[in-house]
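Structure first, then comments.
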Amino acid sequence: MKKVLLIIASVIVAIILGLVAFFNITFPKVSNAPDIKVDMSEANIKRGEYLANHVAVCIDCHSTRDWSKLSAPLMEGTLGKGGEKFTEEMGLPGNYYAPNITPYKLKDWTDGEIFRAITAGVSKDGRALFPIMPYPNYAQMSK
């Protein structure tokens, strides 16, 4: 009987250690947002538009798409306002919506907080962003 209890206790300890390791590896470990200020030159704005629309394709998820049309084009007037739905039917553990990333919505965010969200998956308030956003890939882009 003692042997069975020892095995059960060992299994429980192994599960707990596995969960602790999983959470320590999975969740982002980041410090405070960096203190950076992006130069809002015309060239940088054009570069940002290029990256958001053609390289990282942020705007594809953070806009409303017309799924009734071929290739689901972005709907006029919705760029960056969020709304793309990711559902349980897609195999996710719930329903998620891409948030609004327009300048109005991000007006209280610092450049460092925006950078941290894009590259580390951590929101302004320090919570982890849902990993459907490929921030590990974005973290490997040139700063």
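Every read-out reported here was derived from the displayed coordinates using simple, explicitly stated rules and does not represent laboratory data. Small disclaimer: the values here were computed from a predicted structure and weren't measured. When we count neighbours, we look across all protein chains shown, and the Cβ atoms used for this are built from the backbone with ideal geometry, even at glycine.
The distance linking segment 114-133 with segment 39-71 is 18 Å (Cα centroid to Cα centroid, whole angstrom). Checking the cross-link pairs LYS46/LYS124; LYS81/LYS143; LYS37/LYS143 against a 18 Å limit on the alpha carbon distance flags LYS46/LYS124; LYS81/LYS143 as lying beyond it. Listed by chain and number, the aspartates and glutamates placed with their C-alpha closer than 17 angstrom to that of LYS69 are ASP60, GLU84; residues fewer than eight positions away on the same chain are left out. How many percent of Cα pairs in the chain exceed 27 Å? Everything past 27 Å amounts to 37 percent. In degrees between 0 and 90, to the nearest 10, how far off the longest principal axis of the chain does helix 2-26 point, with axes built from Cα atoms? It works out to around 10 degrees.
Along the chain, the exposed loop sites are chymotrypsin sites (Phe, Trp or Tyr not before Pro) outside DSSP states H, G, I, E and B with at most 13 other Cβ atoms within 10 Å, and the longest stretch free of them is 1-66.
Over the residues of the chain, the helix contribution to mean residue ellipticity at 222 nm works out to -11000 deg cm²/dmol, using -39500 (n - 2.57) for each DSSP H run of at least 4.
At most 11 other Cβ atoms within 10 Å and a DSSP loop assignment: could you name the trypsin sites (Lys or Arg not before Pro) in segment 50-137 that fit? Write down the numbers at each step before the final one.
On the way: sites: ARG65, LYS69, LYS81, LYS85, LYS105, LYS107, ARG116, LYS124, ARG127; in loops: LYS69, LYS81, LYS105, LYS107, LYS124, ARG127.
Filter output for segment 50-137: LYS69, LYS107, ARG127.
Between SER71 and PHE130, take the C-beta separation as r, use R0 = 30 Å, and let me know the FRET efficiency to the nearest 0.05. For R0 = 30 Å, the calculated efficiency reads 0.75.
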